[in-house]
Amino acid sequence: MNVIKEGVFLNLRDRMLVGGEWLDAKNGDSIPVFDPATGEIIANVPDAGEVDVDHAVETARRTYQSVAWRGMTPAARERILLRLADLIETNGEELAMLETRNNGKLLAYSRMFEVGASAQWLRYMAGWATKLSGTTLDLSLPLPPHVRTSAFTRRIPIGVVGAIIPWNFPLLMAIWKIAPALACGNTVVLKPAEETPLTALRLGELALEAGLPPGALNVITGRGERTGAALVAHPGVGKIAFTGSTEVGRLIGAICGQNLKPASLELGGKSPVIVLDDCDPAVAAQGAADAIFFNHGQVCTAGSRLYVHHDIYNDVVQRLSAIADNMVIGSGLDAGVHMGPLVSRRHQERVNSLIDSGVADGAERLCGGGALPEKGYFVRPTIFANHDNRPMKLLHEEVFGPVLVAMPFTDISEAIVEANNSVYGLGASVWTNRIDAAMKLSESLEAGTVWINTHNMVDPNLPFGGFKDSGIGREHGAAAVESYTTTKAVCIAYAN
Ligand code: NAD
């Protein structure tokens, strides 16, 4: 189905892509895809069963073993990924609109992150294709004098990578997986989230146009419990690269453990934002607002727990709630809107019930909550003040929406204890110009990334991942390349 939207031609694919062919699910099942700003169905995509997953994995395996793929030079893989980056940019307006219609996010976010950052990541990872290297090693084997040895290692691809991604950055999350996987010489079966499959399908099509052999990137659609689970359990998949909730990550990790299959797990978060007393309250309030409201709070590193030094607490929190109160809510396609809808009705209901829990737990709601008249899945930016640091569900459970709890603290050690009092450990930010405090906090906070005077900054060269229940493994940079390859040691004996 193709739709013209505001002068842009949208490719709404309604079949999945395996081995370069567009296919329905063998069982004929499909899943409706919604526009979260209106609640309308905009497409139906296949709900793949085990047979479809098996076909996709076998296709990826055959391609992995083919002369066309195995014989391709690293430089040729690099060129394809660079061409794909160019194609993402030349088709950028279409991809951005497609993402905003499917996910609800602001068009500006789609342009900047789904399109711009995807191209940036592809280019960065393309460069790694030609830079994989091993080492040469001297051995100490007790051999007779007429025998000599030499040894070396190679970084080699794993085989078929099963990539399972969430709905919050649909295109960018796909790129975070497929770019390092393909650069390292793997083939991929990608399963986007059931809510947001459309840009991943278009990505598969653009990859073919870029010159990727059919079968090197296969995109299957379907529900997690069926399609995703079949991909994880498939013996032909050599590695699972997963981003999503801790609950599902735990399940996937257990199955991969049983099958001795490597899994990288990028999971949930409950990131603290710590503001020290030397901060300008206006800067701190804007920083805290950006940390929680970016992408409507649907960010794994969203700064959802705000700890402010008590000397500036009231000032910062009042300014922050004024920022939240003034945010314009509406369709992500409309100019002047600051916050679009959440991704689905189910997610909207979950976020609203967590807001209700904040009220029930006795915190003061400074702004937000309450129903909105629009048909879409909107939630107002919501701020709770927890002046007396009372226990709250909202302090421990990931909301994944525009909901923040603010609390005062008196000294840095207290802030460290409170910030680390979470099962999660994905991100944290510290706002201060005091180098001693910044260093102390960056050392003590249990988080995969600590930002100083900024939040939610990611870069293809900066390792990203979680401590504790926020996951296992690191994405980006050399760490990603390592996780999409394995080591082969070659040992040679020869006559002296
Ligand atoms: P989710 O775990 O429900 O789903 C993620 C993906 O897993 C989807 O594609 C889904 O279909 C699939 N899935 C669900 N059940 C499965 C199963 N049993 N077997 C295999 N696959 C299955 O998460 P979500 O609601 O889509 O996304 C939100 C979550 O993702 C949040 O917890 C958020 O923090 C996390 N997230 C983490 C990062 C990170 O880098 N750490 C980034 C973005 C989102």
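Worth a mention:
- If you go through segment 437-466 and keep only what is crowded, with 18+ Cβ neighbours inside 10 Å, touching a residue at least 40 places away in the same chain (Cβ under 8 Å) and not β-branched (Val, Ile, Thr), you end up with ALA437, LEU441, LEU445, ALA447, HIS455, ASN456, PRO460, PHE464, GLY465, GLY466.
- Restricting segment 390-448 to residues that are in a loop (DSSP other than H, G, I, E, B) and of a type in the set (A, V, I, L, M) leaves a set whose member that is farthest from GLY473 (Cα to Cα) is MET392.
- The set of residues in segment 386-412 being touching a residue at least 40 places away in the same chain (Cβ under 8 Å) and over 24 Å from ASN295 (Cβ atoms) consists of PRO408, PHE409, THR410, ILE412.
- Unique residue being more than 26 Å from PRO157 (Cα to Cα) and in contact with a Pro (Cβ under 9 Å, 6 or more places away or on another chain) when the list is ALA447, ALA480: ALA447
- Only a single criterion out of (1) among the hydrophobic types (A, V, I, L, M, F, W, C); (2) touching a Gly at 6+ places or on another chain (Cβ under 8 Å); (3) within 21 Å of LEU320 (Cβ to Cβ) is not satisfied by ALA415, namely (2).
- Matching residues, segment 234-247, being of a type in the set (Val, Ile, Thr) and either part of a loop (DSSP other than H, G, I, E, B) or away from the ligand (no atom under 13 Å from the Cβ) (or both): VAL237
- Selection of first residues in segment 121-141 that are within 25 Å of PHE152 (Cβ to Cβ) and of second residues that are part of a helix (DSSP H, G or I) and basic (Lys, Arg), restricted to Cβ pairs under 8 Å at least 6 apart or on distinct chains, gives the following pairs, ordered by first then second residue: ALA129/ARG77.
- No other residue among GLY228, GLY222 is outside any helix (DSSP H, G or I), touching a residue at least 60 places away in the same chain (Cβ under 8 Å), within 9 Å of the ligand (Cβ to nearest atom) and out of contact with any Leu (no Cβ under 8 Å at 6 or more places or on another chain) apart from GLY222.
- Taking segment 148-194 as the range and being of a type outside the set (A, V, I, L, M) and in a loop (DSSP other than H, G, I, E, B) as the test, the residues that pass are GLY159, PRO166, TRP167, ASN168, PHE169, CYS184, GLY185, ASN186, PRO192, GLU194.
- Between GLU78, GLU93, GLU99, the distinction of being in contact (Cβ under 8 Å) with a residue 12 or more places away in the chain, farther than 19 Å from TYR124 by Cβ and more than 20 Å from the chain's Cα centre (by Cα) belongs to GLU93 only.
- At least 3 residues being within 16 Å of the ligand (Cβ to nearest atom) and either surrounded by fewer than 18 Cβ atoms within 10 Å (Cβ to Cβ) or among the aliphatic types (A, V, I, L, M) (or both) is the threshold, and among the helices (runs of 4 or more DSSP H) wholly inside segment 264-375 those reaching it are 345-360.
- Lone unmet requirement of (1) surrounded by 18 or more Cβ atoms within 10 Å (Cβ to Cβ); (2) closer than 30 Å to SER133 by Cβ for ALA68: (1)
- Enumeration of residues in segment 120-147 that are assigned to a loop (DSSP other than H, G, I, E, B) and more than 27 Å from VAL237 (Cα to Cα): THR135, ASP138, LEU139, SER140, LEU141, PRO142, LEU143, PRO144, PRO145, HIS146
- Among the conditions (1) surrounded by 20 or more Cβ atoms within 10 Å (Cβ to Cβ); (2) within 15 Å of the ligand (Cβ to nearest atom); (3) of a type outside the set (D, E, K, R), the only one that ASN386 does not satisfy is (2).
- Failed criterion for ARG250 (all others in (1) surrounded by fewer than 23 Cβ atoms within 10 Å (Cβ to Cβ); (2) touching a Gly at 6+ places or on another chain (Cβ under 6 Å); (3) in a helix (DSSP H, G or I) hold): (2)
- Count of residues meeting criterion [buried (at least 24 other Cβ atoms within 10 Å of the Cβ), touching a Leu at 6+ places or on another chain (Cβ under 9 Å) and either of a type in the set (D, E, K, R) or closer than 13 Å to ARG61 by Cα (or both)] in segment 157-192: 7
- Segment 399-436: number of residues that are crowded, with 24+ Cβ neighbours inside 10 Å, within 16 Å of the ligand (Cβ to nearest atom) and of a type outside the set (Gly, Ala, Ser): 7
Bear in mind these aren't lab numbers, they're just calculated from the coordinates by the rules spelled out. Because the structure is a prediction, the values reported are computed rather than measured. When we count neighbours, we look across all protein chains shown, and the Cβ atoms used for this are built from the backbone with ideal geometry, even at glycine.
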